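Enquirer: Starting off with a structure, shown below.
The values are calculated or read from the model by the stated rules, or taken from the named source; none is laboratory data. Note that this is a predicted model, so its numbers are computed, not measured. Don't worry about glycine lacking a Cβ; one is built from the backbone with ideal geometry, like all the others, and counts go over all protein chains shown.
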């Protein structure tokens, strides 16, 4: 009998109703409905289910289904969009028009849910998805509670009621705590699924399998062998239509507080006792608790902020905006495993290409027996996890060049998911996350304390940056000279020069390995 802690995939509970708020929006059309369609085609959804879209747009049922079909045709993972498959899926789609702050919307939704429960026997399980702007989260949650939709009523069975909440979850620690309090007035924590689509990526989940499913790597996954860790989330696109949100958020709130810190926890955490939501998230929380808080005087030397040159020309950006579109940060984790090992995190807009990868670089050999070979070998070994768009894994090590003497050269051993399993084998992140939420598996969703701890790490950095633009904050203990200058960078580069200097302080440099 296997003693694996990784569970088999369980079937979705039957009789389920999925309600999507923000159903006419971009996220629903491009991600959520294509994911649900693919799950239906693969037979992963129950025969008896219903999907109700809620939005302000004045659609009737047929217009709503036509709107969603264009998204499925453009974005669903499976290539065969035959009419019969769509018709079968579309029969499960329904629409409820109304304002999110109007109790009448929720009364109409409740009546529609009851009617569908009676018609297709979906009574028992209700999943609410908040695919709306963040300021509507507390509004919708409060209205769900007022309408009694947060619990199963007497005589309605013992099915689940769950809510999925999109990022960003709060704007800072105070707002995240307030949002958690508002949600917990209506829903228990066990009902709340805070989504970060990065955790739904197969290549991200493979980090845990790589570490805890193989005996040869975990013994060297610590300060005795690892020199440093780099995490890169690079985007080649500009801010685009998101300027209204982005100019008040910036790169730290948009990417670091969620994606980057989540990736760091998977690299740094201890092995969980079992692969379930409680044990896994407990270990991630321990990592965030151990991150050394950044003092005001450290912000200038341990962080870099940048802005692409044409950002202030974007429609909707405030004149003279100092919002950072690029950041590089050095973090330290004060625990037994990682003491003294720097974690370098970077992300930016309008960079040379799209790339998400994590490199774990090992220390040099303690005694160099062999003379330098090509390009100054021997070099340090490293492992790179390629998250997207080239999903795979790279291991670099030294080997002897054939011929006389003992000259060395670095070589790489590559693994590509597409080559091994086929180009269509990797499910979209939302497919996995929706299925997990339906199954009640919260392993890949953030817990309330994870969110708040992440903000405790990010807030001091953001405060240090804000001090440079708000001299009046010197009275609060921040000095403008403790904040790094805002550096400008050009399109199709890898960010401002300060990012290279951050690593050069300790004779290190950034790596990009996955692109071939």
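Enquirer: So which residues in the range 306-331 are under 21 Å from the mean Cα position of the chain (by Cα) and not in a loop (DSSP other than H, G, I, E, B), if there are any at all? Spell out how you get there, then give the answer.
Expert: Just the residues of the range 306-331 that are under 21 Å from the mean Cα position of the chain (by Cα), to begin with: 324-331.
Within the range 306-331, 326, 327, 328, 329, 330, 331 qualify.
Enquirer: Further question on the same structure: Which of the following residues is surrounded by 15 or more Cβ atoms within 10 Å (Cβ to Cβ), at pLDDT below 95, in contact with a strand residue (DSSP E or B) (Cβ under 7 Å, 6 or more places away or on another chain) and farther than 23 Å from residue 98 by Cα: 200, 159?
Expert: Values: 200 fails: in contact with a strand residue (DSSP E or B) (Cβ under 7 Å, 6 or more places away or on another chain).
Going through 200, 159 in turn, just one is surrounded by 15 or more Cβ atoms within 10 Å (Cβ to Cβ), at pLDDT below 95, in contact with a strand residue (DSSP E or B) (Cβ under 7 Å, 6 or more places away or on another chain) and farther than 23 Å from residue 98 by Cα: 159.
Enquirer: Give the residue that is surrounded by the most Cβ atoms within 10 Å (Cβ to Cβ), with candidates limited to residues of the range 338-358 that are in contact with a helix residue (DSSP H, G or I) (Cβ under 7 Å, 6 or more places away or on another chain) and over 26 Å from residue 224 (Cα atoms).
Expert: Restricting attention to the range 338-358, the residues satisfying the condition of being in contact with a helix residue (DSSP H, G or I) (Cβ under 7 Å, 6 or more places away or on another chain) are 338, 343-348, 358.
Within this subset, residues satisfying the condition of being over 26 Å from residue 224 (Cα atoms) are 347-348.
Values: 347: 24, 348: 29.
Per the criteria, the residue is 348.
Enquirer: Within the range 284-293, does at least one residue satisfy the condition of being at pLDDT below 95, outside any strand (DSSP E or B), touching a helix residue (DSSP H, G or I) at 6+ places or on another chain (Cβ under 9 Å) and under 19 Å from residue 502 (Cα atoms)? So that I can check it myself, show each step before the final result.
Expert: So the first thing to find is which residues in the range 284-293 are at pLDDT below 95, and the list is 293.
Checking the rest, the ones that are also outside any strand (DSSP E or B) come to 293.
If we keep only those that are touching a helix residue (DSSP H, G or I) at 6+ places or on another chain (Cβ under 9 Å) as well, we get 293.
Checking which are under 19 Å from residue 502 (Cα atoms) leaves us with 293.
Yes, the range 284-293 has at least one match.
Enquirer: Those residues that are surrounded by fewer than 20 Cβ atoms within 10 Å (Cβ to Cβ) and more than 15 Å from residue 98 (Cβ to Cβ), I need them from the range 126-141; list them, please. Outline the logic, then answer.
Expert: Taking the range 126-141 first, the residues surrounded by fewer than 20 Cβ atoms within 10 Å (Cβ to Cβ) are 133-136, 138-139.
Scanning the range 126-141 gives 133, 134, 135, 138.
Enquirer: Do you know which residues across the range 29-58 are crowded, with 19+ Cβ neighbours inside 10 Å and more than 23 Å from residue 426 (Cβ to Cβ)?
Expert: Passing the criteria: 49, 50, 51, 52, 53, 54, 55.
Enquirer: On to the next question. Which numbered condition in (1) at pLDDT below 95; (2) surrounded by 12 or more Cβ atoms within 10 Å (Cβ to Cβ) is the only one that residue 111 fails?
Expert: Unmet condition: (2).
Enquirer: Still on this structure, I have one more. Taking the condition under 30 Å from residue 488 (Cα atoms) and either modelled with pLDDT under 95 or outside any helix (DSSP H, G or I) (or both), does residue 359 pass? Spell out how you get there, then give the answer.
Expert: Numbers: under 30 Å from residue 488 (Cα atoms): yes; either modelled with pLDDT under 95 or outside any helix (DSSP H, G or I) (or both): yes.
It is true that residue 359 is under 30 Å from residue 488 (Cα atoms) and either modelled with pLDDT under 95 or outside any helix (DSSP H, G or I) (or both).
Enquirer: Further, regarding this structure: Looking only at the range 32-55, filter to residues that are in a loop (DSSP other than H, G, I, E, B) and more than 26 Å from the chain's Cα centre (by Cα); which one of those is modelled with the highest pLDDT? Let's see the steps before the verdict.
Expert: Residues of the range 32-55 that are in a loop (DSSP other than H, G, I, E, B), as a first pass: 42-48.
Add one more test, that the residue is more than 26 Å from the chain's Cα centre (by Cα), and what stays is 43, 46-48.
Values: 43: 89, 46: 79, 47: 75, 48: 85.
Here the residue is 43.
Enquirer: Would you mind finding the one in 250, 240, 244 that is surrounded by fewer than 17 Cβ atoms within 10 Å (Cβ to Cβ) and closer than 25 Å to residue 499 by Cα? If you could, list the steps in order and put the result at the bottom.
Expert: Values: 250 fails: surrounded by fewer than 17 Cβ atoms within 10 Å (Cβ to Cβ); 244 fails: closer than 25 Å to residue 499 by Cα.
Going through 250, 240, 244 in turn, the sole match is 240.
Enquirer: Okay, next question. Could you grab me the full set of residues in the range 377-400 that are over 19 Å from residue 204 (Cβ atoms) and surrounded by 15 or more Cβ atoms within 10 Å (Cβ to Cβ)? Working first, answer last.
Expert: So in the range 377-400, the residues over 19 Å from residue 204 (Cβ atoms) come out as 377-381, 396-400.
Answer for the range 377-400, where residues must be over 19 Å from residue 204 (Cβ atoms) and surrounded by 15 or more Cβ atoms within 10 Å (Cβ to Cβ): 377, 378, 379, 380, 381, 396, 397, 398.
Enquirer: Take the range 401-423 and flag every residue that is modelled with pLDDT under 85 and buried (at least 16 other Cβ atoms within 10 Å of the Cβ).
Expert: 408, 410
Enquirer: To continue, here is another question. Look at the range 203-221 and say how many of its residues are surrounded by 15 or more Cβ atoms within 10 Å (Cβ to Cβ), closer than 30 Å to residue 504 by Cβ and over 18 Å from the mean Cα position of the chain (by Cα). Talk me through it step by step, then tell me what you get.
Expert: At the first step, the residues of the range 203-221 found to be surrounded by 15 or more Cβ atoms within 10 Å (Cβ to Cβ) are 203-208, 210-212, 221.
Filter once more, so that each one left must be closer than 30 Å to residue 504 by Cβ: 203-204, 207, 210-211, 221.
After this cut, where a residue has to be over 18 Å from the mean Cα position of the chain (by Cα) as well, the list is 210-211, 221.
The total comes to 3.
Enquirer: Take the range 407-449 and flag every residue that is in a helix (DSSP H, G or I) and touching a strand residue (DSSP E or B) at 6+ places or on another chain (Cβ under 7 Å). Even if it seems obvious, please write down each step before you answer.
Expert: So in the range 407-449, the residues in a helix (DSSP H, G or I) come out as 417-421, 429-439, 448-449.
Answer for the range 407-449, where residues must be in a helix (DSSP H, G or I) and touching a strand residue (DSSP E or B) at 6+ places or on another chain (Cβ under 7 Å): 417, 437, 438.
Enquirer: Moving to a separate point now. Working only within the range 184-197, note down all residues that are within 14 Å of residue 446 (Cα to Cα), touching a strand residue (DSSP E or B) at 6+ places or on another chain (Cβ under 9 Å) and in a helix (DSSP H, G or I).
Expert: Answer for the range 184-197, where residues must be within 14 Å of residue 446 (Cα to Cα), touching a strand residue (DSSP E or B) at 6+ places or on another chain (Cβ under 9 Å) and in a helix (DSSP H, G or I): 190, 191.
Enquirer: Collect the residues in the range 289-342 that are closer than 20 Å to residue 241 by Cα and either without any contact (Cβ under 8 Å) to a residue 60 or more places away in the chain or not assigned by TED's automatic domain parsing to the domain that holds residue 490 (or both), keeping them in residue-number order.
Expert: Hits for the range 289-342 are 312, 313, 319, 320.
Enquirer: Next up: Which condition number does residue 456 fail, the rest of (1) touching a strand residue (DSSP E or B) at 6+ places or on another chain (Cβ under 9 Å); (2) at pLDDT 90 or above; (3) within 30 Å of residue 200 (Cα to Cα); (4) crowded, with 18+ Cβ neighbours inside 10 Å being met?
Expert: Unmet condition: (4).
Enquirer: Another question, if that's okay. Return the only residue of 412, 431, 419 being closer than 19 Å to residue 357 by Cα and touching a residue at least 60 places away in the same chain (Cβ under 8 Å). Talk me through it step by step, then tell me what you get.
Expert: On the way: 431 fails: closer than 19 Å to residue 357 by Cα; 419 fails: touching a residue at least 60 places away in the same chain (Cβ under 8 Å).
Result: 412 is the single residue among 412, 431, 419 that is closer than 19 Å to residue 357 by Cα and touching a residue at least 60 places away in the same chain (Cβ under 8 Å).
Enquirer: Output the qualifying pairs, or none if there are none: Cβ atoms under 8 angstrom, residues six or more apart or on different chains, first residue in the range 110-130 and within 12 Å of residue 52 (Cβ to Cβ), second residue at pLDDT below 70.
Expert: 116/122; 117/123
Enquirer: Among the candidates 243, 265, which residue alone is in contact (Cβ under 8 Å) with a residue 12 or more places away in the chain, in the same structural domain as residue 465 (by TED's automatic domain parsing) and more than 26 Å from residue 437 (Cβ to Cβ)?
Expert: Sole residue among the options that is in contact (Cβ under 8 Å) with a residue 12 or more places away in the chain, in the same structural domain as residue 465 (by TED's automatic domain parsing) and more than 26 Å from residue 437 (Cβ to Cβ): 243.
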